[in-house]
Amino acid sequence: MASSALVLLYTLCVLCYTYSLQTLAMASSQSCRGLHLQYYTHEIRGGPNNTILLAAGTNQGGSFSDGRWGSFFVFDNMIKAGLSADSKLLGKITGTTVLTVKAGGPVQFLAQHIFGEGSKYNGSSFTTIPGGIIPGGTGYFEGYSGYGQGVEQTVVPAEPRHVYLWDVCLSKY
Ligand SMILES: *[C@@H]1O[C@H](CO)[C@@H](O)[C@H](O)[C@H]1NC(C)=O
Ligand SMILES: *[C@@H]1O[C@H](CO)[C@@H](O)[C@H](O)[C@H]1NC(C)=O
């Protein structure tokens, strides 16, 4: 049963963050026939401006790398226009990551993508649930649903900053 649940999780997983949050195949941007968004999210994994916290569960209070099966992270990361630390701030992505798979692998990632002053979608937001599914949004995104995924970038500003390129496809339902 555990293994079939795993297979199902892998099969359903569009947002395939690995436990190390490293490898992910990028969905083809060309396949999006609706509203196509791309932006970068910046996560700071330590220091005074930390944006992710090992908040509960296994190794609670530890640093990012202390995450194990049962760890529950909360994050309040930045949405930016580019890879570099000084690129324009567009909003924030805030939510939870839970390490639910004992052997490592996909994580349960739930996030609200909230666009602010720097974005043309100022005041609007949408949510991604596990599987990368976007069930709906507010403001400009009202009436849209779709899917999205973030891929960690390998050429990025120095630690403790980690940057993901998000590729989002939304359609009116
Ligand atoms: C943390 O953020 C503050 C306020 O933006 C900034 O002045 C400071 O340089 C940052 N510290 C580090 C280590 O990035
Ligand atoms: C962004 O949205 C906020 C809240 O809806 C509003 O107060 C502000 O004036 C907007 N800013 C811009 C630049 O549109």
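Criterion first (over 17 Å from Gly46 (Cα atoms), part of a strand (DSSP E or B), touching a Phe, Trp or Tyr at 6+ places or on another chain (Cβ under 6 Å) and modelled with pLDDT of 95 or more) does Gly95 satisfy it?
no
Anything in region 47-64 that is under 15 Å from Val163 (Cβ atoms) and either surrounded by fewer than 16 Cβ atoms within 10 Å (Cβ to Cβ) or away from ligand 1 (no atom under 12 Å from the Cβ) (or both)? List them, or say none.
Asn49, Ile52, Phe64, listed by residue number.
Would you be able to tell me the number of residues in region 99-137 that are surrounded by fewer than 18 Cβ atoms within 10 Å (Cβ to Cβ), touching a residue at least 60 places away in the same chain (Cβ under 8 Å) and assigned to a strand (DSSP E or B)?
Qualifying residue count for the region: 1.
Has region 150-159 got at least one residue that is free of Cβ contacts under 8 Å to residues at least 24 places away in the same chain, over 22 Å from Leu35 (Cβ atoms) and part of a loop (DSSP other than H, G, I, E, B)?
Within region 150-159, one or more residues are free of Cβ contacts under 8 Å to residues at least 24 places away in the same chain, over 22 Å from Leu35 (Cβ atoms) and part of a loop (DSSP other than H, G, I, E, B).
Filter region 70-90 for residues that are in a loop (DSSP other than H, G, I, E, B) and touching a residue at least 24 places away in the same chain (Cβ under 8 Å); which is surrounded by the fewest Cβ atoms within 10 Å (Cβ to Cβ)?
Lys88
Say whether the condition of being within 16 Å of ligand 2 (Cβ to nearest atom), modelled with pLDDT of 90 or more and closer than 22 Å to Tyr144 by Cβ is met by at least one residue in region 22-41.
no
The values are calculated or read from the model by the stated rules, or taken from the named source; none is laboratory data. These numbers were taken from a predicted model, which means no experiment stands behind them. Note that each Cβ is placed from the backbone with ideal geometry, even for glycine, and that neighbours are counted across all protein chains shown.
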